[in-house]
Structure formats: structure tokens, C-alpha cells
Amino acid sequence: SQQGEEDPQALSIQEGENATMNCSYKTSINNLQWYRQNSGRGLVHLILIRSNEREKHSGRLRVTLDTSKKSSSLLITASRAADTASYFCATDGGSRLTFGEGTQLTVNP
Amino acid sequence: GAVVSQHPSWVICKSGTSVKIECRSLDFQATTMFWYRQFPKQSLMLMATSNEGSKATYEQGVEKDKFLINHASLTLSTLTVTSAHPEDSSFYICSAEGGGALTDTQYFGPGTRLTVL
């Protein structure tokens, strides 16, 4: 079964607004990763945050990790129509990635 | 860097035939490759993990005789769907994990859309 649970399942915002997606997991992890998937395409790696890190930035992306609550969030600032995609968190427990159910983000121009 | 390709990008076949999907790491050596299946509007489900030169490790519920995986070199893994049936229609995605600075991150191929008639 999938370890990661993401919310919301779907998010629709206007261009320029910020988008926040959350991910919760159940077991201990080495790291947590966020991926983007455009419709019918493969996954693009966005950012990796290790279990001893609390926050990480990459361009317009900000990821936080709270291991005590077993949760992570992905913030996309100043969203663009091109950010429209599905976003998945994936936890790495050491031998494999376990993907969450994903959040479908729609950024309206 | 860290590009993974898949071939073909889509395939349509008749029920009962076998289909081979290739996954290549183009600019790095992949110590481990993974095969996932994704149904529409769902998440990725890991099917198997393969290391070069050894047998693949299949996830529970995945038939190893139906989904044959060969990882003959550090840059190529193949997935063969044998005697395909309509329920095998899905999006198959591979990923590759390298060594050194590429450890801990899986780089994904663009996926292969399989439709079995």
C-alpha cells in the first residue's frame, strides 16, 4: 500500500498565487523527494530533503520536513500556467521509493 | 546530465503477444533500475527492482513470469510483458539510480504507454 498521502488531491489557483501541497507518511525515512509529472509524461525530480533537514529551497520551490509529525510540504511561489501538473511526494526508507497519491495542480492564466 | 530514455514511447499490441520495453541511462551508469506501473489518475506502483547482472526483485503481487526483467548492462534494462492482456494496458515507467553524486535520486524515463487490444 502507498505510504504517502497527499492533500489536497486537487488544487486550482490563479497565476501568480502560491500553491501549497502537503504529504504525510507513516514510517521512518532517509529522505523525502518531490516529483512533478506532466500529463502522460515521466517524472521530473524537483527536490530532495534529507531526514536531518527541516527546510530546503530551489528557485520558486520551498520544501519543509517535519519528521516528528511525519509530514512535508511543497510550496510553489508565484505560480505560472506552466506549473500545471501532478506533484508527488516519495519517501525513501533505504531500499525503495514509495509514492504518494499525488496532487493535481492547475494554474489558471 | 542524468538522462533516462525509454523505447518505445507507446505501443499497441494484440492480446496474447509479448512486448519489450527498453530503459537506458544515457549519460551515467545505473547501478539499480526500477520499473513502475501507473494507471490513469493514480500514483506509481513499484513493480520490480533490478541490479545489473543479477535477478530482479519483484514486489508482492507482481508475476515474475509475466513481467520479465533483464538488466544486462549498467545502462540498459528491459521489461518484457509476456502474453499481454487488456488488463496489462498501463503506463510503464522506468527509473535509474546511479552511484556517487547520483545516489539517492532516481531519474525517470518518459514512460511507455502500452495498450493491449
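State which residue is surrounded by the fewest Cβ atoms within 10 Å (Cβ to Cβ) when the search covers only the range A:50-109 and only residues that are of a type in the set (Lys, Arg) and part of a strand (DSSP E or B).
Taking the range A:50-109 as the starting set, the residues that turn out to be of a type in the set (Lys, Arg) are A:50, A:54, A:56, A:60, A:62, A:69-70, A:80, A:96.
Restricting the remaining residues to those that are part of a strand (DSSP E or B) gives A:50, A:56, A:62.
Details: A:50: 13, A:56: 15, A:62: 17.
Result: A:50.
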* the range B:58-117, residues that are more than 26 Å from residue B:16 (Cα to Cα) and of a type in the set (D, E, K, R) -> B:97, B:104
* Go through (1) closer than 21 Å to residue B:93 by Cα; (2) away from chain B (no Cβ under 13 Å) and name the single condition residue A:40 misses. => (2)
* Only one of (1) away from chain A (no Cβ under 14 Å); (2) among the basic types (Lys, Arg); (3) under 14 Å from the mean Cα position of the chain (by Cα) fails for residue B:24. Which number is that? -> (1)
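Kindly indicate which of A:41, A:36 is surrounded by 16 or more Cβ atoms within 10 Å (Cβ to Cβ) and out of contact with any Ser or Thr (no Cβ under 9 Å at 6 or more places or on another chain). Please lay out each step first, then the result.
Values: A:36 fails: out of contact with any Ser or Thr (no Cβ under 9 Å at 6 or more places or on another chain).
Selected residue: A:41, the only one of A:41, A:36 that is surrounded by 16 or more Cβ atoms within 10 Å (Cβ to Cβ) and out of contact with any Ser or Thr (no Cβ under 9 Å at 6 or more places or on another chain).
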* Structure fact -> Counting only residues that are part of a strand (DSSP E or B) and more than 13 Å from chain B (Cβ to nearest Cβ), the range A:1-37 contains a total of 10
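In the range B:1-99, which strands (runs of 3 or more DSSP E) lie fully inside it and hold 1 or more residues that are within 21 Å of residue A:33 (Cβ to Cβ) and of a type in the set (A, V, I, L, M)?
Numbers: elements: B:4-7, B:10-13, B:19-25, B:30-38, B:44-51, B:67-73, B:76-81, B:90-98.
Hits in the range B:1-99: B:4-7, B:30-38, B:44-51, B:90-98.
Values in this text are rule-based calculations from the coordinates and carry no lab data. Bear in mind that the values here come from a model prediction, so they are computed numbers and not experimental data. Glycine also receives a Cβ, built like all others from the backbone with ideal geometry; neighbour counts cover every protein chain displayed.
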